[in-house]
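Working notes, structure below.
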Amino acid sequence: MRERSPGHWELRAFIGRDPKSGKPRQTTRSFRGTEKAAGKALSTLVAEVEAGRFNRTSATVGQLLDKWLEATAVSHRPRTVYENRRKIEGRLRPALGDVRLDKLEADAIDAAYRGWLADGLSASTVHKYHSILSAACRQAVKWGWIDRAPTDRASPPSPVRKDMVVPTPEQLSALVKVADEEDPVLATAIALAALTGARRGELVALRWSDFDLAAGRVRIARSLTVAGGEQHTGLTKTHQSRDLALEPLGVTVLRRRWDYMVALSAEAESPLVEDPYVLSYNANGATAANPDTLTHGFAGLCVQMERPALQRLREAKPKATRSDLAPGQRWPFRFHDLRHFSVTTLIAAGVDVRTVAERHGHARATMTLDRYAHALPERDREAAGVLEAVLDL
């Protein structure tokens, strides 16, 4: 501390080094009073810095993001924390981390968004960065670091919802048959995803104790994610469990899967654990398959299904790529599209939306209607027929 004029003190505390330059950084506070009182104020400032609290007039966006990550780690899933940290370190900190929070303006934020779009990021991806920065700024308002979130005045690009593409029942059958020969775990995952509409994290978290094959029921109560190479099991996305009916086909698929696991366990001389995972690449079923493994395996399977048509096309056009294939020859599906298949098939068949929403773990039936309204044209035609039948015009 130093006395700038009689009774007026400047207090400084070391807050770390700049991540880019390595130079020491300080936070400064003015104080008016006696030397003894100034010494106590300096001790308070040092304690605040060590506790991670910063002077609202000198805190940077980077410091806010660090504190926000720390605060949300308790309530967010490990995978969410991991992805948020990756986005912060990849884009947000390099672009805005050194800006003082109280100097952060909407035009600077929008400039960062435009730069990321120019770099080739999609509008949806940039909007995710905005969501992180916005959440951190709103928290800063609650903490008293700033009076108003600058992100409220920013103009992030609107996320573009892609057209939903789902496989036909014939394509699904073909996928399961091919996968069954090369990757039985993936084949079972595809069948269960289509029959139950469960998310991939929910599927890999399933153990055999979650099934009652005699009654044809399955209980989905957990979800498995991977962050930093480690598996984490927690609640489902909506934090609620659901009990689903299994049709005979689903029971058949599972019985076949159980027989395969028993045979593999015996062949490998590795006894099954007490309650094995249904989708496991271990002979004893002790470790669940990773969600990303299903995603990559399914993507590779779709490429494989396109290969014959692509080879024929390359006989005439040697430099042809997958994008050159005719629509009927392409398999542009993601593993998550199996969940879409389940929802759209049930809605188109006339199952009421509330039942569909509950079966698939949607938080609200209105979300189901909004996302899957395209699956209702035939039901709309039937409704028109009902009105016509009761009217005499």
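The values are calculated or read from the model by the stated rules, or taken from the named source; none is laboratory data. This one's a predicted model, so the numbers in the text were calculated from it and none came from an experiment. No Cβ is skipped: glycine too gets one built from the backbone with ideal geometry, and neighbour counts run over all protein chains shown.
Checking the structure you have, find out if any residue of region 194-201 is touching a residue at least 60 places away in the same chain (Cβ under 8 Å), in a helix (DSSP H, G or I) and under 17 Å from the mean Cα position of the chain (by Cα).
yes
Within region 164-178, is even one residue more than 21 Å from the chain's Cα centre (by Cα), modelled with pLDDT under 95, surrounded by 14 or more Cβ atoms within 10 Å (Cβ to Cβ) and in a loop (DSSP other than H, G, I, E, B)?
There is at least one residue in region 164-178 that is more than 21 Å from the chain's Cα centre (by Cα), modelled with pLDDT under 95, surrounded by 14 or more Cβ atoms within 10 Å (Cβ to Cβ) and in a loop (DSSP other than H, G, I, E, B).
Does A193 count as among the small types (G, A, S) and closer than 22 Å to T344 by Cα?
Against the criterion (among the small types (G, A, S) and closer than 22 Å to T344 by Cα), A193 qualifies.
So that you can scan it fast, the table gives a plain yes or no per residue for (1) under 30 Å from R12 (Cβ atoms); (2) of a type in the set (G, A, S); (3) surrounded by 14 or more Cβ atoms within 10 Å (Cβ to Cβ):
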site: K36; (1), (2), (3): yes, no, no
site: S58; (1), (2), (3): yes, yes, yes
site: K67; (1), (2), (3): yes, no, yes
site: E83; (1), (2), (3): no, no, yes
site: G90; (1), (2), (3): no, yes, no
site: L101; (1), (2), (3): yes, no, yes
site: E105; (1), (2), (3): yes, no, no
site: R114; (1), (2), (3): no, no, no
site: L121; (1), (2), (3): no, no, yes
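Which of (1) more than 22 Å from F298 (Cα to Cα); (2) at pLDDT below 95; (3) surrounded by 17 or more Cβ atoms within 10 Å (Cβ to Cβ) does T225 not meet, given it meets every other one?
Result: T225 fails condition (1) only.
Out of curiosity, is A13 out of contact with any Pro (no Cβ under 9 Å at 6 or more places or on another chain), modelled with pLDDT under 90 and in a strand (DSSP E or B)?
Taking the combined requirement at face value, the residue satisfies it.
Just a yes or no: is a residue in region 73-81 without any contact (Cβ under 8 Å) to a residue 60 or more places away in the chain, buried (at least 16 other Cβ atoms within 10 Å of the Cβ) and either hydrophobic (A, V, I, L, M, F, W, C) or out of contact with any strand residue (DSSP E or B) (no Cβ under 6 Å at 6 or more places or on another chain) (or both)?
The answer is no, given that none of the residues of region 73-81 is without any contact (Cβ under 8 Å) to a residue 60 or more places away in the chain, buried (at least 16 other Cβ atoms within 10 Å of the Cβ) and either hydrophobic (A, V, I, L, M, F, W, C) or out of contact with any strand residue (DSSP E or B) (no Cβ under 6 Å at 6 or more places or on another chain) (or both).
Does region 139-152 contain at least one residue that is among the basic types (K, R), over 30 Å from Y372 (Cα atoms), assigned to a helix (DSSP H, G or I) and touching a residue at least 24 places away in the same chain (Cβ under 8 Å)?
No, region 139-152 contains no residue that is among the basic types (K, R), over 30 Å from Y372 (Cα atoms), assigned to a helix (DSSP H, G or I) and touching a residue at least 24 places away in the same chain (Cβ under 8 Å).
Any residue that is loosely packed, with under 12 Cβ neighbours inside 10 Å and on the phi > 0 side of the Ramachandran plot - is there at least one of those in region 243-258?
no
If P308 satisfies every condition in (1) assigned to a helix (DSSP H, G or I); (2) in contact (Cβ under 8 Å) with a residue 40 or more places away in the chain but one, which is the exception?
(2)
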